[in-house]
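The values are calculated or read from the model by the stated rules, or taken from the named source; none is laboratory data. Quantities reported herein were computed from a predicted structural model and do not represent experimental measurements. Glycine gets a Cβ as well: all are built from the backbone with ideal geometry, and neighbour counts include every protein chain shown. To get the accessible areas, we keep the full protein, side chains included, count just its heavy atoms, and leave off ligands, DNA and RNA. Shrake-Rupley method; radii C 1.70, N 1.55, O 1.52, S 1.80 Å.
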Amino acid sequence: VIWQLERTMRDQPLLLDTSNLDILSVRTGNVRIPSDGPPRSLLDANDLSLMPTRFELGKDVPVLGAPLWIDLPAHVNVVEIYYRTTAQSAGLQWLSPAQTDDRRSPFLYTQGQSIMARSYLPCQDTPNVRFTYDARIHVPAPLRAVMAARAIEPSGPTRPVDAASPVSTFNFAMELPIPAYLVGLAVGELDFAPISPRVGIWASPTVLPKAAMEMGDLESMMQAAERLFGPYLWGRYDVLILPPSFPLGGMENPMVTFLTPTLLAGDRSLVSVVAHELAHSWSGNLTTNATWSDFWLNEGLTTYAERRIIEAIYGLPRAAMERALGRQTLEAELHSLAGEPQRQILAAGPNFALDPLDEISDVPYEKGALFLEALEHCVGRENFDVFFKQWINEHGFQSVTSRQFENAVETHLKGGESDKLRACGIDVGQWLHGPGIPESAPKATSLELQKIDLQSKNFSSGQTPAEGLETSDWNALSWLRFLKQMPDAIGSTKLAELDAKFNFSGQTNAEILGRWLELAALNHYSPGMQRIPDFLTTIGRRKLVEPIYRALAQSPADLATARSIFAQAGAGYHSLTRNTIESILRQAEVKYGQR
Ligand SMILES: [Zn+2]
């Protein structure tokens, strides 16, 4: 990597973040910066007159890694670092062919958020520092490299890979300043399908047709988002479907969102994740939390924006349903955090663990979105939309704090002396700095959900048999809600009754099946239990596998099952998922005196 620096302190060494990298050599030099015209790419520069410099890798600290100190002579503005990643580089996942859909070629992808970019790139790994970059990637044929950046012609974006050549080279440029966690790369056997002139899908050849169908609304989503939040500034918007071990629903890498294949339900029922990652093009990627303590500024704003896009494309009933589901998630999360009020707070610190993404909760997402909904309900949608657009517009390509957001609300929404917010009972300080859900939260109402909840209740209490349920107008989200409303201790007889009528154990929608298998584990329902090993060894998305491991960990006998599944599946998980599951199993073992 060659860093070109803007030097503000000429007498200081350079400090970069690293984690599990072998640093081989460091040299410094100079590049003349053209006073006009585009900045020069350093990839082919041969006039830097680089000289070796002294560097020191500091003590390795868990999670944070090791600081790399580099001596900088006063006149230099370029630092070149030769380094190697290692098997411990947590931001890289290397998959064997057996772990991919086509089972033909290996696969590599990066996950930089929150602080893992340092494990594949020596950099200032904070969302408070932005940079532009050029990249050149050499990969063995027939693989293709896709970066969260602009593919430079003639290398891409859809150039056929030359099968005769042993190595293919791909060039990229990210010309808009981004923080390190948004540097994203995937390498594998990938094909492309356009959705519109600026939108398309990358996926393995066998997954591509299904993915292209599922993402058919992407261009309309883009247009809806632009109407709501202002012009899309990044050029292309593509999505890349990763192998099933991807630990997250999606990652908003700029220009190319990375997505789990578990969204491909066949009926576009799970595309709210896509709307979410798209919305990050405004909230998160344009306006970025300055520290991970203000994570809600990325995720709360994006969750709110996601549901506005869903409302624009699929209508109010579906959006209302997703809002109500979000509220249910938030209440469950706050319940589980009852003993930790400091982790229920939106701003400043509570959601920040040493390893930010490891301890992540739904609070920054759902409570953040609820706060914005409360503001919207108070000042009216029209006023709120002006405010939201202005927030994005005024803070584009900046890193922002909760205090800045609080000030913006004060300046643009409060309404001066008349204090509209107070009239609505909204105490901004309480929302940002207090635990729980404030009284001023809007009620989650959805007629559809009320009907589903009633049926769920009547079924679980024995009032209505499975045969008597009226489900003809239900969609996948309805089923998901129905199952989420089931008491955990519903009993295996009831599950068998449902299975006989609706064949849940044969479900292909990963979210519905995930909840079903959780219920099966909680109630020792064996036809469901039989599907668990397969589910847990093929899928690595943390949100889907974690509840099932938790359910299995509730009895010593099932814990043994969970441990033997994990012994097989664990190696295929991303470290984010692996760490979470390891900690669940360890805690259960301690509980049962097995450790
Ligand atoms: Zn997000």
Test result for Ser478, crowded, with 17+ Cβ neighbours inside 10 Å, hydroxyl-bearing (Ser, Thr, Tyr), in a helix (DSSP H, G or I) and modelled with pLDDT of 95 or more: no
Residue match in the range 210-232 (condition: at pLDDT below 95, out of contact with any Lys or Arg (no Cβ under 8 Å at 6 or more places or on another chain) and closer than 30 Å to Gln99 by Cβ): no
Residue within the range 526-543 that is open to solvent by less than 40 Å² (accessible area, probe 1.4 Å) and either in contact with a Cys (Cβ under 6 Å, 6 or more places away or on another chain) or at positive phi (or both) present: no
Within the range 170-197, considering residues that are touching a helix residue (DSSP H, G or I) at 6+ places or on another chain (Cβ under 6 Å) and not small (Gly, Ala, Ser), the one surrounded by the most Cβ atoms within 10 Å (Cβ to Cβ): Tyr181
Subset tally (residues that are part of a loop (DSSP other than H, G, I, E, B) and either touching a residue at least 12 places away in the same chain (Cβ under 8 Å) or farther than 30 Å from Ser472 by Cα (or both)) for the range 424-457: 16
Wholly within the range 4-99, strands (runs of 3 or more DSSP E) carrying at least 2 residues that are under 30 Å from Pro142 (Cα atoms): 21-29, 78-85, 92-95
Residue ID - nearest to the ligand (Cβ to nearest atom), chosen from residues in the range 404-417 that are at negative phi and part of a loop (DSSP other than H, G, I, E, B): Leu413
Residue count, the range 300-322 (criterion: away from the ligand (no atom under 16 Å from the Cβ) and closer than 22 Å to Lys484 by Cα): 6
Of all residues making up the range 14-37, the number that are more than 24 Å from Ser89 (Cβ to Cβ) and either buried (at least 18 other Cβ atoms within 10 Å of the Cβ) or in contact (Cβ under 8 Å) with a residue 24 or more places away in the chain (or both): 5
Residue check for Ser336: of a type in the set (S, T, N, Q), within 16 Å of Glu366 (Cα to Cα) and away from the ligand (no atom under 16 Å from the Cβ): yes
Residues located in the range 509-525, provided they are hydroxyl-bearing (Ser, Thr, Tyr) and surrounded by fewer than 23 Cβ atoms within 10 Å (Cβ to Cβ): none
Every residue from the range 360-403 that is within 16 Å of the ligand (Cβ to nearest atom) and either among the charged types (D, E, K, R) or not in a helix (DSSP H, G or I) (or both): Ile360, Ser361, Asp362, Glu366, Lys367, Val400
Those residues of the range 309-320 which are crowded, with 24+ Cβ neighbours inside 10 Å and basic (Lys, Arg), in sequence order: none
Checklist (1) in contact with a Ser or Thr (Cβ under 9 Å, 6 or more places away or on another chain); (2) open to solvent by 20 Å² or more (accessible area, probe 1.4 Å); (3) on the phi < 0 side of the Ramachandran plot applied to Ser204, failing item: (2)
Subset tally (residues that are among the acidic types (Asp, Glu) and surrounded by fewer than 18 Cβ atoms within 10 Å (Cβ to Cβ)) for the range 360-416: 5
Qualifying position, being among the hydroxyl-bearing types (Ser, Thr, Tyr) and under 22 Å from Gln99 (Cβ atoms), among Thr291, Thr262: Thr262
Considering residues of the range 1-13 that are of a type outside the set (Asp, Glu) and surrounded by fewer than 18 Cβ atoms within 10 Å (Cβ to Cβ) only, the residue modelled with the highest pLDDT: Val1
In the range 53-70, the residues that are within 18 Å of Gln12 (Cα to Cα) and free of Cβ contacts under 8 Å to residues at least 40 places away in the same chain: Thr53, Arg54, Phe55, Glu56, Leu57, Gly58
Flag for Asn579 being open to solvent by 10 Å² or more (accessible area, probe 1.4 Å) and at pLDDT below 95: yes
